[in-house]
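The values are calculated or read from the model by the stated rules, or taken from the named source; none is laboratory data. Everything numeric in this text was worked out from a predicted model, so none of it was measured. Reconstructed Cβ throughout: ideal geometry from the backbone, glycine too, with neighbour counts over all protein chains shown.
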Amino acid sequence: MLHCLPSLQKLFPYQAYDGEEMHFQEGGFQKLKVAGLRNLAGLKVVKIDKSALPCLNMQIFGNCPLQEVPSDSQHLTNLKTLLLMLIIQALFLASSKLGFHIWNGTLIIE
């Protein structure tokens, strides 16, 4: 339903979603610049279609039991900041898929 808001630029559903999967569908959120997904206790999977979120430049994940960091983030050509808070396990599992790795606590982007 929210994807029908054509001018929405920021989305911060804090403890406001209890599903296991969040899917940003094709053509949705055309002007969204910042998405902050925090304290979503049941969220395990985030899917992002190729033409969704074309203006997104900051994506925040915090305190969500994600099984992996969305590999679909590679489609987000304007993404400048990916902030991961309290998702260490998912970060390690997804790091090679997303083109970075962690060495001695330092984020290395390849």
*Return yes when ALA35 is assigned to a loop (DSSP other than H, G, I, E, B), out of contact with any Pro (no Cβ under 8 Å at 6 or more places or on another chain), in contact (Cβ under 8 Å) with a residue 12 or more places away in the chain and small (Gly, Ala, Ser) and no when it is not.*
no
*How many of the residues making up the range 29-51 are surrounded by fewer than 20 Cβ atoms within 10 Å (Cβ to Cβ) and either under 18 Å from GLN67 (Cα atoms) or not hydrophobic (A, V, I, L, M, F, W, C) (or both)?*
14
*Working carefully through the options LYS97, LYS50, find the one that is at pLDDT 70 or above and either in a loop (DSSP other than H, G, I, E, B) or small (Gly, Ala, Ser) (or both).*
LYS50
*Looking at the range 4-22, is at least one residue in contact with a helix residue (DSSP H, G or I) (Cβ under 6 Å, 6 or more places away or on another chain) and either surrounded by 15 or more Cβ atoms within 10 Å (Cβ to Cβ) or part of a loop (DSSP other than H, G, I, E, B) (or both)?*
no
